[in-house]
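The values are calculated or read from the model by the stated rules, or taken from the named source; none is laboratory data. Remember, it's a predicted structure, so these values are computed and weren't measured experimentally. A quick note on method: Cβ atoms are made from the backbone with ideal geometry, for glycine too, and the neighbour counts reach across all protein chains shown. When the accessible area is computed, the model is the full protein with side chains, heavy atoms only, and any ligands, DNA or RNA have been set aside. Shrake-Rupley method; radii C 1.70, N 1.55, O 1.52, S 1.80 Å.
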Amino acid sequence: MKKYQKNNGFTIPAYILTLSFLAAMWQLWHYAPMLPTEIVTKFGNGGRPQEYESSSTFINQNFLLYCFLTGSALLFRYFGIKFPDKFVNLPNREYWLAPKRKNKTYRRLTNFVYLFFASTILCSLSMTQLIIDANLYLGTPFSNLTAMMFILSYCAIVCGLLIYIFRKFRITNSQKN
């Protein structure tokens, strides 16, 4: 884990989380004045509009979502270690939460949480961009295929993160001794 550690303790996953949050904030700030007062937020087959809402509601909901996701990840860094061990669902929990390994384990978990929330923000940002494009460029329908690609990419990233977490928390024979 030290290869990801900077002098100030800010890790690569923390930078990724920060950059994804800033990209989402830029998206909202940049496109908010361009949107019409009422926008389509739900689309049916073939990209046909189904539901409308005000653009300010749409922007505010996304703003709150991004703040909630980023805040949850950052709070885990400070409060995750305070969870009772019985609530931490890890393979080989007794080994990884032993007093001499607990801090390193929570640093790894924090990096996992940062990457998970960053990927969630980026998926939401991508879907939001599709909605914005469909509303700004009226000749361009909402692309269900592109939306499906974003969702499948997000699922692949989450599966990769789960494989990462299971590989990081397995115990080899040399560690058992």
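At the listed q of 0.09, 0.10, 0.13, 0.16 Å⁻¹, the Debye profile of the chain, built from one uniform point per Cα, gives log10 I(q)/I(0) equal to -0.43, -0.51, -0.76, -0.99. When each of the peptides 111-120, 51-60 is scored by how many other beta carbons lie within 10 Å of its residues on average, the order from highest to lowest is 111-120, 51-60. Heavy atoms of the protein chains alone define the surface here; on that basis the chain has 63 Å² accessible area per residue at 1.4 Å probe size.
Given axes a ≥ b ≥ c from the Cα gyration tensor, I'd like to know whether the range 78-165 is rounded (a/c under 1.5), prolate (a/b larger than b/c) or oblate.
Details: a/c = 4.74, a/b = 3.08, b/c = 1.54.
Note, shape of the range 78-165 comes out prolate.
Counting lysine pairs in the range 23-177 that sit 8 or more residues apart in sequence, or on different chains, and whose Cα atoms lie under 15 Å apart gives 7.
Computed over the range 32-103, the P(r) tail beyond 18 angstrom holds 63 percent of alpha carbon pairs. Here is the size of the range 94-141 from its Cα atoms: Rg then Dmax, 19.5, 61 Å.
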